[in-house]
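Read through the structure below, which is laid out as structure tokens, and then see the notes.
The values are calculated or read from the model by the stated rules, or taken from the named source; none is laboratory data. Only a predicted model underlies this, so the values are computations on that prediction, with no experimental measurement involved. For neighbour counting, all protein chains shown are included, and Cβ atoms are generated from backbone atoms with ideal geometry for every residue, glycine included. Ligands, DNA and RNA are excluded from the accessible area calculation, which covers all protein heavy atoms including side chains. Shrake-Rupley method; radii C 1.70, N 1.55, O 1.52, S 1.80 Å.
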Amino acid sequence: MTLLPRGLIVSCQARADNPLYGPQFMGAMALAARDGGAVAIRANGPDDIRAVKAAGLPVIGIHKLFSADYPVYITPSFAAAEVIVANGAEVVALDCTLRPRDGEPPDRLVRRVLDLGAEVFADISTVEEGLAAADFGATYVATTLSGYTAATEPKPSEPDFVLLEALASRLATPVIAEGRYNTPALVRRAFDAGAHAVVVGTMITNPREITRHFVAQGVPSW
């Protein structure tokens, strides 16, 4: 039995330049997502993780640490994972691509996080990475990074259903759909393709980007 039930997971994150940046706002977003029917929350960093815990849902924690020298920034090391587990993340999302990082390789990192008593949510970009993450022992395999690695660029406008279907058909490990699921129809299509759960972020929790979308797509140029 895994912690994450089937359903919609909402990513409550905001960058420092966003007016909604900060634990107070992310905590409120998590409460709103819970009331709307979300089954779990994805959040970044110890402060936001503590804040979203108030919603009473399972928390998928990440710890973004950016580096000028390495492309991996989603929980790149055991130390990064340990901090967010200590602050309440029951599930830890790790970049399990095969790219260089300032930290442990993904096979060792998965094992060490599992030893902390947390589940592992493996963010990957290709079928090969997803199969490898499952072999390493990851609790979930997620399509999060498709379109965001050199192997999968340029980023398409729609989700990577080919990747989702390939993983869902080959793995007993629950497969999570994430990345560009910005309409209910795409979310439903992901479940029909075999997803255990679907993560939606921007189109639920980023009013600035939602507003830009409406302006760009719906407002005439007079």
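Which residue out of Ala16, Ala40 is open to solvent by less than 30 Å² (accessible area, probe 1.4 Å) and of a type outside the set (Asp, Glu)?
That would be Ala40, the only listed residue that is open to solvent by less than 30 Å² (accessible area, probe 1.4 Å) and of a type outside the set (Asp, Glu).
Please indicate, with yes or no, whether at least one residue in the stretch 43-51 is closer than 29 Å to Arg189 by Cβ, surrounded by fewer than 24 Cβ atoms within 10 Å (Cβ to Cβ) and not aliphatic (A, V, I, L, M).
Checked the stretch 43-51: at least one residue is closer than 29 Å to Arg189 by Cβ, surrounded by fewer than 24 Cβ atoms within 10 Å (Cβ to Cβ) and not aliphatic (A, V, I, L, M).
Across the stretch 15-35, what is the number of residues that are in contact (Cβ under 8 Å) with a residue 40 or more places away in the chain and within 22 Å of Val187 (Cα to Cα)?
Within the stretch 15-35, residues that are in contact (Cβ under 8 Å) with a residue 40 or more places away in the chain and within 22 Å of Val187 (Cα to Cα) number 2.
Among the candidates Pro71, Pro58, Pro19, which residue alone is in contact with a Pro (Cβ under 9 Å, 6 or more places away or on another chain), modelled with pLDDT of 95 or more and under 24 Å from Arg212 (Cα atoms)?
The unique qualifying residue is Pro19.
Checking Val215 against (1) over 29 Å from Val83 (Cβ atoms); (2) buried (at least 16 other Cβ atoms within 10 Å of the Cβ), which single condition isn't satisfied?
The failed condition is (2).
How many residues, within the stretch 149-202, are assigned to a helix (DSSP H, G or I), surrounded by 21 or more Cβ atoms within 10 Å (Cβ to Cβ) and charged (D, E, K, R)?
0
When residues of the stretch 82-130 are filtered for being under 25 Å from Ala150 (Cβ atoms), under 18 Å from the mean Cα position of the chain (by Cα) and open to solvent by 40 Å² or more (accessible area, probe 1.4 Å), how many remain?
The total comes to 2.
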